[in-house]
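This report concerns only the one structure given below.
Readers should treat all values here as calculations from the given coordinates under stated rules, not as data from a laboratory. On a predicted model such as this, the values are computed, not experimentally measured, just so you know. All Cβ positions, glycine included, derive from the backbone under ideal geometry; neighbour counts span all protein chains shown.
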Amino acid sequence: MIDVAVLASGSGTDFQSIIDASNQSEIDANVVLLICNNPGAYCVERAKENDIDHRVIDHRGKSREEHEEEVSEVIDQYNPDLIVLAGYMRIFTDYFVDKYYGRLINIHPALLPLFGGPGFYGEKVHESVLEAGMKRTGCSVHFVTNEVDMGPIIDQRCVEVKPHDDVDSLSERVLEVEHELLPWVVGAFAEGKVKLDDGKAWIEE
């Protein structure tokens, strides 16, 4: 059994997908902590409903370094085996990334390295996919590195882009697949199947 900390900024549906998989014993992982930078975000209510320790650490009025030191201090109190960025709308400094490298993962709503990097988040990702006329999109889980969204990809899932899709319909289908992929990767990590070597990641069969 591994302990998992989740960082989220919004409604927390990806966070919920990990909770559900854990509660249903689909993965050998226990969510021990939620950190949210956005007071009033619904992910905090999900933590309360599931009796998960949580901290709201607002980033406003602080430097990136000051905010990350606060976040890191709380994380270290729990010493989780895995830290999951599940819709956490912050870009970390090298200090934070280097400290947790190898146990810090992120989910992104596109097939990286396409439509990733600074400026590609939320609806902007799906808008760009539609504008490019892509026939396939999806989601990716990757290790976090100093280059935004460019860390070693652990696993991906594909979603068809339909002719009459708009941002809402496409994002809804991608989100459904995110809720399958993220717990799957967390479960694989718990089983020791996620490997990272020489800048590449994979899941052992």
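A few remarks follow.
- 13 Å beta-carbon shell around A8, net charge (K/R +1, D/E -1): 0
- Charge dipole magnitude, Cβ of K and R +1, D and E -1 - the chain, Cα centre, debye nearest 20: 340 debye
- Residues S169, S72, S22, arranged from fewest to most other Cβ atoms within 10 angstrom of their Cβ, appear as S169, S72, S22.
- Taking every DSSP beta bridge that has both ends in the chain, the antiparallel portion is near 45%.
- Nearest-0.05 FRET efficiency for M1 and S128, computed from C-beta distance (R0 30 Å): 0.15
- Under a Gaussian network description of the chain, with springs only between Cα atoms under 10 Å, the residue in T93, T145, T13 that fluctuates furthest is T93.
- GluC sites (Glu not before Pro) lying in DSSP loop within the range 98-162, provided at most 14 other Cβ fall within 10 Å: E147
- Helix-only [θ]222 nm of the chain, DSSP H runs n ≥ 4, -39500 (n - 2.57) each, per residue, nearest 500: -11500 deg cm²/dmol
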